[in-house]
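Visitor: What follows is a structure written as structure tokens; I'll ask about it next.
Throughout, read-outs are computed from the coordinates displayed, never taken from laboratory work. On a predicted model such as this, the values are computed, not experimentally measured, just so you know. All Cβ positions, even for glycine, are placed from backbone atoms using ideal geometry, and neighbour counts span all protein chains on display.
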Amino acid sequence: MAVKIVNSYSVSPSSGAAAVLTLPLLHFDIVWLDTILTETLHFYPLKCSQSHFLDTILVNLKHSLSLTLKHFLPLSSKIIFPLSSSAMPVSRYSTGDSLSLTIATSDDDFSFIVSNRPKPADDFHQLVPQMPAAVYSSDEIKFSPLAIQLTLFPNQGICIGITHHHSICDATTLSAFLHTWASINRSNGDEQFLFPNLLPFYGRDSVQDSEKLSIAQWNLMKTNRPTVSLTLPLPSDKVRATFHLTDSQIEKLRSLVMIKKPSIGRPSTFVVVCAYIWSCLNKCGGETDDDQIQYFGSPVNCRQRLNPPLPENYFGNCLIQFIANSTHGRLKGNDGFVTAAEIVAEALKIALKSTRVTEFFENRAQIFSETKGKRVIRVVGSSKLDQCDADYGWGRAVKYECIHTDFYEAAHVCKHIQGGIELGLSMPKATMDIFADVFTKYLHINCKL
């Protein structure tokens, strides 16, 4: 894939924005300061020339982005990581702060890029924007939380690439930002069509146990340094591919669990999907000992599980991780899927108790120390989020890619355009071929298709 950078801009919030907005980073945010940056791509089919894109579409996108940032000021702010022991990290927006917007073109085949079949993983990284350079001083490190790249495939489509520092917000907030941007762009800059439920709620005072837990997490984090750029080598040995579990297949898998493990009750779609991924990955062979313990984890939105609950439009992170474990031998067996469903359902049930949120952060370091050096399979994303339904005036996106899963063993899940759940994976080509065979074979066996 040949990608050419055409231009770059700094987009500031439109007039009417507050002059200053300081947002403390709480424990939910602090734990993400030193993790890898998240990288996502949204692909939209659009037949337009480069001149029309630059002269018309880009002008509208920049204007609507500026209007949107007025409502989401922290995304054009600077995150301040203090180097003195007495201060706490914050996001601070001041008039003049801006978001980096890169414009690029690609001569690649858009239809191939958005297909589900395996494609070289490193090709996609050219569509991901670079973060602006961090600013270092003796007192602090200041860095941007978000960057955007628009890549035009002339007369084929557009890719909206996002690089996002997770410490500023989670996928729920980022999705609200993108939907607001899309709505304003689609309505030609008319903000009266904004959805109030998408506009951010910045309240921090009511977050459960925030002062105690934030100080404790900062004391653990402050000796580290934040991740401020993309520094990992490209995954030259991997391919990316997408799989689909239909509503019918999910229902048949759910029924199988309910028949064999009635004590579980009716497992959620998320439990079914996680269990199927976990069991399939363990059926792919390899030299793993049957008695080897491995872990499965995923972030879970807990806005509604705090005391008091937070609104869904709360700006920031509000996630905990649930961790499940089992042996390779149990997961690869004939009943591996049902076993995985039982284990995941129980781990999720425990994690989602309101009291567990505080317990998780109090014991987080110990929880993750137990997984060190072990195989950990992760699911990121959400079975409740539709990553393709933000319409900028061109219709739905036809493809979504979660690029940062190239750097660890993880599957991304989201709603599929035709119903059911979409699974995005990145792994070596030989392993991907085996996984594809296992994925299809065991659907036939478990669903009796």
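Visitor: Could you work out which residue, out of Trp278, Trp181, Trp394, moves most in a Gaussian network model of the chain, that is, has the largest mean-square fluctuation with Cα springs under 10 Å?
Guide: Among Trp278, Trp181, Trp394, the largest mean-square fluctuation in the Gaussian network model of the chain belongs to Trp394.
Visitor: Under 5 Å between amide H atoms, partner at least 5 residues away or on a different chain: which partners does Ala410 have, H built in plane at 1.01 Å?
Guide: Arg378, Ser426
Visitor: Along each principal axis of its Cα atoms, how long is the chain end to end? Whole angstroms, biggest number first, please.
Guide: 61, 54, 40
Visitor: Using Cα springs under 10 Å in a Gaussian network model of the chain, which residue among Ser167, Ser298, Ser236 shows the largest mean-square fluctuation?
Guide: With Cα springs under 10 Å in the chain, the top fluctuation among Ser167, Ser298, Ser236 is at Ser236.
Visitor: Related question: Using amide H atoms built in the peptide plane, which far-off residues or other-chain residues are under 5 Å from Leu99 H to H?
Guide: Val11, Ser12
Visitor: Count the lysine pairs in segment 30-150 that are 8 or more places apart or on different chains: how many have C-alpha atoms under 22 angstrom apart?
Guide: Close lysine pairs under the 22 Å cut-off: 6.
Visitor: Which order do Lys47, Lys238 fall in if you start with the one that has the fewest other Cβ atoms within 10 Å?
Guide: The fewest-first ordering by Cβ neighbours comes to Lys47, Lys238.
Visitor: What translational diffusion coefficient, to the nearest whole µm²/s, does segment 238-316 have by Stokes-Einstein, given a Kirkwood radius computed over alpha-carbon pairs, a temperature of 37 °C and 0.692 mPa s viscosity?
Guide: Rounded, D is 206 µm²/s.
Visitor: Only loop residues by DSSP count here, and only those with at most 16 other Cβ atoms within 10 Å; note down the GluC sites (Glu not before Pro) in segment 232-340 that meet that.
Guide: Of the GluC sites (Glu not before Pro), the ones in loops of segment 232-340 whose Cβ has at most 16 other Cβ atoms within 10 Å are Glu287, Glu312.
Visitor: Using a simple charge model, +1 on the beta-carbon of Lys and Arg, -1 on the beta-carbon of Asp and Glu, nothing else, what dipole does segment 3-221 show about its Cα centre, in debye to the nearest 20?
Guide: 300 debye
Visitor: Continuing with the same structure: Picking from Gln249, Gln366, Gln294, which is most flexible by a Gaussian network model of the chain using Cα springs under 10 Å?
Guide: Gln366
Visitor: Kindly write out, for segment 438-446 in residue order, the coupling ³J(HN,Hα) from the Karplus curve 6.51 cos²θ - 1.76 cosθ + 1.60 (θ = phi - 60°), rounded to whole Hz, with x marking Gly and Pro.
Guide: Coupling constants for segment 438-446: 5, 4, 6, 4, 7, 5, 4, 6, 6 Hz.
Visitor: Return the tail of the calculated pair distribution for segment 139-197, meaning the percent of Cα-Cα pairs more than 16 Å apart.
Guide: Cα-Cα pairs in segment 139-197 separated by more than 16 Å: 60 percent.
Visitor: As an exercise, take the mean of 1/r over every pair of distinct alpha carbons in segment 3-221, invert it, and state the Kirkwood radius in angstroms.
Guide: 18.6 Å
Visitor: I need the per residue convex hull volume for segment 241-372, using only the alpha carbons, in cubic angstrom as a whole number.
Guide: Considering the Cα atoms of segment 241-372, their hull volume per residue is 149 Å³.
Visitor: Identify, among Phe43, Thr102, Leu73, the residue whose Cα sits farthest towards the positive end of the charge dipole of segment 1-135, taking +1 on the Cβ of Lys and Arg and -1 on the Cβ of Asp and Glu, with the dipole about the Cα centre.
Guide: The listed residue farthest towards the positive side: Leu73.
Visitor: So, one more: How would Val59, Val271 line up from fewest to most surrounding beta-carbon atoms within 10 angstrom?
Guide: Val59, Val271
Visitor: Considering the options Ala411, Ala390, Ala430, tell which one lies farthest towards the positive end of the dipole of segment 359-430, charges being +1 on Lys and Arg and -1 on Asp and Glu at the Cβ, about the Cα centre.
Guide: Projecting each Cα onto the dipole axis, the largest value belongs to Ala430.
Visitor: Let me ask another. Select from Ser326, Val271, Gly297 the residue farthest towards the positive end of the dipole of segment 240-338; place +1 on Cβ of Lys and Arg, -1 on Cβ of Asp and Glu, and compute about the Cα centre.
Guide: The one lying farthest along the dipole's positive direction is Val271.
Visitor: Regarding segment 45-111, what is the average projected area of its C-alpha convex hull, in nm²?
Guide: With the hull built on Cα positions only, its mean projection is 7.3 nm².
Visitor: For q values of 0.08, 0.10, 0.15 Å⁻¹, compute log₁₀ I(q)/I(0) with the Debye formula on a Cα-only model of segment 139-283, without solvent.
Guide: Ignoring solvent entirely, the Cα scatterers give -0.45, -0.72, -1.27.
Visitor: Then there is this: From the alpha carbon gyration tensor of segment 70-189, can you work out the equivalent ellipsoid semi-axes (sqrt of 5 times each eigenvalue) and give them in Å, largest to smallest?
Guide: Ellipsoid semi-axes (Å, largest first): 31, 18, 13.
Visitor: Further question: FRET efficiency for Leu234 and Thr56, Cβ-Cβ distance as r, R0 = 45 Å, nearest 0.05?
Guide: 0.85
Visitor: Still on this model: Report, ordered by chain and residue number, the lysines lying within cross-link reach of Lys372, taken as a straight Cα distance under 25 Å and ignoring same-chain residues fewer than 8 apart.
Guide: Filter leaves Lys222, Lys238, Lys283, Lys332, Lys349.
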